[in-house]
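The values are calculated or read from the model by the stated rules, or taken from the named source; none is laboratory data. Worth saying up front: this structure is predicted, and the values here are computed from it rather than measured. Heads up, the Cβs are rebuilt from the backbone with ideal geometry, glycines too, and the neighbour counts pull from every protein chain shown. The protein model used for the area step is the full one, side chains on, heavy atoms only, and it has no ligands, DNA or RNA in it. Shrake-Rupley method; radii C 1.70, N 1.55, O 1.52, S 1.80 Å.
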Amino acid sequence: MAVVSGERLSRLDLAGVRRWAVTARAALTAHRREIDDLNVFPVPDGDTGTNLLITLDAAVDAVRSPDSTRLEDVIAAFARATTESARGNSGVIASQLAQGISEVCREQAAGGDEASLDGSGLARALRRAHDLARAGVTRPVEGTMLTVARAAAEGAEAAARTSTDLYAVTSAALGAARDALDATREQLPVLRRAGVVDAGGAGYVVLLESLEHVVGGSGWTRTERDGWRAHATPDPGGDVEDGHEGGPAYEVMYLLEQTDGERVRVLRDALDGLGDSVLVVGGPQVWNVHAHVDDPGAAIEAGLAAGRPRRIAVTHFAATAVPVAGQVAVVACAAGPGLQEAFAAAGAAVVADEPDRRVSASRLLDAVREAASSSVLLLPDDAESLLAAEAAASAAGADGLDAHVVRARAAVQAIAAMAVFDPDATVQDNLLVMTGAAAGTRQGAVAFAGAAGDVRGLVEDEVVTSGSDPELVGVAVARLLLSAGGELLTLVAGAELPEGVAAAVREQVRADRPELEVTVLDGGQAAPALLLGVE
């Protein structure tokens, strides 16, 4: 069944799941900081929203891949990707939502039924998601994300007993989850003292809200959250030591392979003896292991005894990074081969930002970890990569890494920022100078619209002119950008721009302003056809 905007879905099919994944990522991006601010349990380290976003962000490419048209195959790939990318308690538990849907779809397909889900199928998937997540937690605590997940499953099951309507079941699950989230404030003393609801539960509600938007055929819009924090003064009390109310000092996470169910059970018991917040989920090929411990070495050794750990991450809850002058690196997003070469030549580590593989927070975080520097500057190239960079910087900080975002919203702004980078200066000085260079660059573009011969000129993302000749439109955009002054014009030619157009724009503009310095770069980006920047 094709997904048509504005129409309710009767079944959650492949197109619907893809829309849900993208919508959920947008919603978590918008609410990441709010969810981070709620994070006081089990560790008040302010990263639950970031962990959820990175968990989903790293896996969206799997569900958007055109390699398969069978829902059971695509959702299985998505479930594996979320399991492997899951961060923190919340990310590990959220990964089981995809796993629950995957298992129900696979069972239906094996039985000869349609793999898409109606209301009753969604209810079974939400129940399976909860059961899988709770089974993976050694010591479940009420008033957490697990409580909200159970309420969602129960609400869906109750609705499915009287109707198989997908929207009715989705709405019932969301309503029950919202009620359960409100109640978490009274279930955990630490939440009551802080006057907040559970952060992980809030993230789970956002995932279900995204699903309701998709199933209901409505566009997603940001919702204000009046109920997440108490309006009354929070109840004071409770000492927090080392970031964890007297609990273990380290978070240990890794993926475990080459193991079996019995050895996983032994590992879970061993980790439970070492600390708390133990989650072991996934299987049978790959398991995601999470624990809070005082002896991270022992937790890793337990994994070695159970199988083959990989992607090991150890975070000290009180860790901080100290920037050191002369040890600053830049991680730059770049959309085309020419841009990638230019940033690399200027000394940046480059993360390719391409239509079939957009920059994600997890890829940027990996680049931060790989940088051989004590401080890293993240340099985005558009609004979407800016959001990913902010999430990656937040996650890096939670891991004890020093990462900062230069707020560039276009490739020409990133070019201007990179031009003033000084590897011998402090990270703070570079951040100030590079941010100033990006902000001081007015940017425009020439873009080909869907219809042949429809060329549009944009300034600061607003359409200001149009026509059929990219050269004429490019000159018009350049003149508008230069109307407020400027000494340097940068032109970045994309893959679709006809040969010679950028050079022609340069010559016409210099005829107006002979003193103007004009730089032309063959960027090779898929879109827009021509980028323009004025400094």
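Pull up the range 50-74, narrow it to residues that are farther than 16 Å from ARG25 by Cα and touching a residue at least 24 places away in the same chain (Cβ under 8 Å), then point me to the one that is surrounded by the most Cβ atoms within 10 Å (Cβ to Cβ).
Restricting to residues being farther than 16 Å from ARG25 by Cα and touching a residue at least 24 places away in the same chain (Cβ under 8 Å), the top hit is LEU71.
Say whether the condition of being without any contact (Cβ under 8 Å) to a residue 12 or more places away in the chain and on the phi < 0 side of the Ramachandran plot is met by at least one residue in the range 144-151.
No, the range 144-151 contains no residue that is without any contact (Cβ under 8 Å) to a residue 12 or more places away in the chain and on the phi < 0 side of the Ramachandran plot.
How many residues, within the range 110-135, are in a helix (DSSP H, G or I), in contact with a helix residue (DSSP H, G or I) (Cβ under 7 Å, 6 or more places away or on another chain) and not hydrophobic (A, V, I, L, M, F, W, C)? Steps first, please.
We begin by selecting, within the range 110-135, every residue in a helix (DSSP H, G or I); these are 110, 119-135.
Remaining after also requiring in contact with a helix residue (DSSP H, G or I) (Cβ under 7 Å, 6 or more places away or on another chain): 119-130, 132-134.
Next cut, not hydrophobic (A, V, I, L, M, F, W, C) only: 119-121, 124, 127-128, 130, 134.
Residues meeting the conditions: 8.
Rundown of residues vs (1) more than 14 Å from LEU531 (Cβ to Cβ); (2) in a strand (DSSP E or B); (3) open to solvent by 70 Å² or more (accessible area, probe 1.4 Å); (4) at pLDDT 90 or above, yes/no style:
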| site | (1), (2), (3), (4) |
| --- | --- |
| GLN443 | no, yes, no, yes |
| VAL446 | no, yes, no, yes |
| GLY450 | yes, no, yes, no |
| GLY453 | yes, no, no, no |
| LEU458 | no, yes, no, yes |
| SER466 | yes, yes, yes, no |
| GLU471 | yes, no, no, yes |
| ALA476 | yes, no, no, yes |
| GLY485 | yes, no, no, no |
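Within the range 85-109, how many residues turn out to be assigned to a helix (DSSP H, G or I), touching a Ser or Thr at 6+ places or on another chain (Cβ under 9 Å) and of a type in the set (D, E, K, R)?
0
Output the number of residues of the range 370-389 satisfying the condition of being closer than 21 Å to THR426 by Cβ and either open to solvent by less than 10 Å² (accessible area, probe 1.4 Å) or part of a helix (DSSP H, G or I) (or both).
Adding up the residues that qualify gives 6.
Please indicate, with yes or no, whether at least one residue in the range 162-179 is free of Cβ contacts under 8 Å to residues at least 12 places away in the same chain, surrounded by fewer than 23 Cβ atoms within 10 Å (Cβ to Cβ) and more than 27 Å from the chain's Cα centre (by Cα).
Taking every residue of the range 162-179 in turn, at least one turns out to be free of Cβ contacts under 8 Å to residues at least 12 places away in the same chain, surrounded by fewer than 23 Cβ atoms within 10 Å (Cβ to Cβ) and more than 27 Å from the chain's Cα centre (by Cα).
Looking at (1) out of contact with any Ser or Thr (no Cβ under 6 Å at 6 or more places or on another chain); (2) basic (Lys, Arg); (3) modelled with pLDDT of 90 or more, find the lone condition where ARG357 falls short.
Every listed condition holds for ARG357 apart from (3).
One line per residue, one yes/no per condition, for (1) within 22 Å of the chain's Cα centre (by Cα); (2) of a type outside the set (A, V, I, L, M, F, W, C); (3) surrounded by 14 or more Cβ atoms within 10 Å (Cβ to Cβ); (4) not in a loop (DSSP other than H, G, I, E, B):
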{"position": "HIS290", "(1), (2), (3), (4)": "yes, yes, yes, yes"}
{"position": "GLY303", "(1), (2), (3), (4)": "no, yes, yes, yes"}
{"position": "THR315", "(1), (2), (3), (4)": "yes, yes, yes, yes"}
{"position": "PHE343", "(1), (2), (3), (4)": "no, no, yes, yes"}
{"position": "VAL359", "(1), (2), (3), (4)": "yes, no, yes, no"}
{"position": "VAL368", "(1), (2), (3), (4)": "yes, no, yes, yes"}
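Just the residues that are part of a loop (DSSP other than H, G, I, E, B) and either of a type in the set (Ser, Thr, Tyr) or under 30 Å from the mean Cα position of the chain (by Cα) (or both), please, taken from the range 517-535.
GLY523, GLY524, GLN525, ALA526, ALA527, PRO528, ALA529
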